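The structure appears right after this line, and notes come after that.
Where a number appears in this text, it was derived from the coordinates with a stated rule and is not lab data. If you're wondering where the values come from, they're calculated on a predicted model, not measured in any experiment. Cβ placement follows ideal geometry from the backbone for every residue including glycine, while neighbour counts extend to all protein chains displayed.
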Amino acid sequence: LEGQGRRYFREGGLLGLAMKKGDKGKKWNPQVADNKEARFNFEIMEKLECGIQLHGTEVKSCRAGKMNIKDGFARVDQDGQLRLINVHIAKHFTTGGWFNHEETRPRVLLVHKREIQNLRKQLTLKGLTLVPLRAYFNEYGFLKVEIGLCRGKNKGDKRDSIKSRDQGRDAKRELKA
């Protein structure tokens, strides 16, 4: 990477870093984690892309796909920082215990101060929460987390979403036949 500059990203992105030698025909998927349960349980009002502050072994574990955002949520702290809480990043398997990270520690999300202030105002409304929707590596190799400003669905809304999903699936099945 040293001395190659931007040419490395133009000639194939992270394919050389993320894939083994024999995987030439396969496509590289930058997505690390997806929170499908949040899309079912919450109505997503707004989406926001954030950077995340990680230690070295956490990045290695994320590249290996060992990240779970299912139970996570985000909160604005007293000191005005947006933190991702209860997200599990597994310990790196080749690193000793001394240099490894804590698996479920609160992690700082990197967002502009004005966006944090807007989120704080919206979170004061009844029933809104910040939920991580997905985590992925962008074209420059940085881990990004997409968080959503969400409102919880009730049982009827969940049934409606199941019904519309089934109808769409049936319509696709009929078109194929």
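What nm value, rounded to one decimal, do you get for the distance between Asn138 and Asn154 when each label is placed 7 Å out toward the C-beta?
Each label point lies 7 Å from its Cα, and together they span 4.0 nm.
With a cut-off of at most 16 other beta carbons within 10 Å, and DSSP calling the residue loop, which GluC sites (Glu not before Pro) in segment 35-107 qualify? Please list them.
Glu102, Glu103
Run the numbers on segment 69-110 and let me know its relative contact order in percent, using alpha-carbon pairs under 8 Å that are six or more apart.
For segment 69-110, the relative contact order is 39 percent.
Label-point separation (nm) for Asp79 and Ser164, each offset 7 Å from Cα along Cα-to-Cβ?
4.2
In whole angstrom, note down how far apart the Cα centers of segment 147-177 and segment 98-136 are.
Computed from Cα coordinates, the inter-centre distance equals 27 Å.
Which loop trypsin sites (Lys or Arg not before Pro) in segment 59-135, with loop taken from DSSP, have no more than 13 other Cβ atoms within 10 angstrom of their Cβ?
Qualifying residues, ordered by number: Lys126.
Whole-Å semi-axes of segment 74-177's equivalent ellipsoid, largest first, each the root of 5 times a Cα gyration tensor eigenvalue?
Three semi-axes, in Å: 33, 24, 14.
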